[in-house]
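The values are calculated or read from the model by the stated rules, or taken from the named source; none is laboratory data. Every value quoted in this text rests on a predicted model; they were computed, and no experiment measured them. All Cβ positions, even for glycine, are placed from backbone atoms using ideal geometry, and neighbour counts span all protein chains on display.
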Amino acid sequence: MFDLDACISFITNKAAKKMADEFNDRLMKLGITRVQWIALYYLGKYDGINQKELGDLMDIKESTVARLIDRMEKENYILRTKDKNDRRITIISLTDKGKHYREELLPEGQKMADTFTMDISEEEIQIFLKVIEKILLNIGQKL
């Protein structure tokens, strides 16, 4: 009989939610949400990407990205410009304030990663990553 408490998808979803909530709580004390932090991360890593690309990287809907970008633009973290070759495309770049804020907050990701992997060996982490990769491949095959 099916046991939800032993189901890999339920267990990983529950763990991911707890990690996301913990990270968000930590970041909220610093004046930013987890989603904004992720956007800052990707906008610094891939300078001059468009709104759709950001949504794809963050795995969120375009309407959610639009609201996120609106908030970040109001806070002067990002600047929107139209693509020179295709005016339908909006390019997003970090402002100087956004770049500074990103650099200030980037270490929080490492702190959380270190906390989440405390007392887990490198070998165990590699096994975990291989298992997750296989699960994602299975999802892609829609078994």
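Based on what the data block shows, is K82 more than 18 Å from the chain's Cα centre (by Cα) and either modelled with pLDDT under 95 or among the polar types (S, T, N, Q) (or both)?
Details: more than 18 Å from the chain's Cα centre (by Cα): yes; either modelled with pLDDT under 95 or among the polar types (S, T, N, Q) (or both): yes.
Answer is yes for this residue.
Can I91 be described as within 30 Å of L136 (Cβ to Cβ), touching a residue at least 40 places away in the same chain (Cβ under 8 Å) and exposed (fewer than 12 other Cβ atoms within 10 Å of the Cβ)? Reasoning before the result, please.
Working: within 30 Å of L136 (Cβ to Cβ): yes; touching a residue at least 40 places away in the same chain (Cβ under 8 Å): yes; exposed (fewer than 12 other Cβ atoms within 10 Å of the Cβ): no.
Spelling it out, it is not the case that I91 is within 30 Å of L136 (Cβ to Cβ), touching a residue at least 40 places away in the same chain (Cβ under 8 Å) and exposed (fewer than 12 other Cβ atoms within 10 Å of the Cβ).
Just to be sure before I move on: is T95 in contact with a Phe, Trp or Tyr (Cβ under 9 Å, 6 or more places away or on another chain) and farther than 23 Å from F23 by Cα in the structure I sent?
Values: in contact with a Phe, Trp or Tyr (Cβ under 9 Å, 6 or more places away or on another chain): yes; farther than 23 Å from F23 by Cα: yes.
Judged against the criteria, T95 is a match.
Quick one: in segment 100-136, of everything that is of a type in the set (K, R) and within 17 Å of the chain's Cα centre (by Cα), which residue is nearest to R67 (Cα to Cα)?
Within segment 100-136, the subset of a type in the set (K, R) is 102, 111, 130, 134.
If we keep only those that are within 17 Å of the chain's Cα centre (by Cα) as well, we get 102, 111.
Working: R102: 19, K111: 28 Å.
Among residues in segment 100-136 that are of a type in the set (K, R) and within 17 Å of the chain's Cα centre (by Cα), the one nearest to R67 (Cα to Cα) is R102.
Only one of K82, K97 is touching a Ser or Thr at 6+ places or on another chain (Cβ under 9 Å), over 14 Å from V35 (Cα atoms) and of a type outside the set (S, T, N, Q). Can you tell me which?
Values: K97 fails: touching a Ser or Thr at 6+ places or on another chain (Cβ under 9 Å).
Just one listed residue meets the conditions, K82.
What number of residues within segment 1-40 are among the charged types (D, E, K, R), surrounded by 14 or more Cβ atoms within 10 Å (Cβ to Cβ) and free of Cβ contacts under 8 Å to residues at least 24 places away in the same chain? It would help to see each step written out before you state the result.
First, pick out the residues of segment 1-40 that are among the charged types (D, E, K, R): 3, 5, 14, 17-18, 21-22, 25-26, 29, 34.
When the remaining residues are screened for being surrounded by 14 or more Cβ atoms within 10 Å (Cβ to Cβ), the result is 22, 26, 34.
So of that shortlist, the ones also free of Cβ contacts under 8 Å to residues at least 24 places away in the same chain come out as 34.
Going through segment 1-40 one residue at a time, the tally reaches 1.
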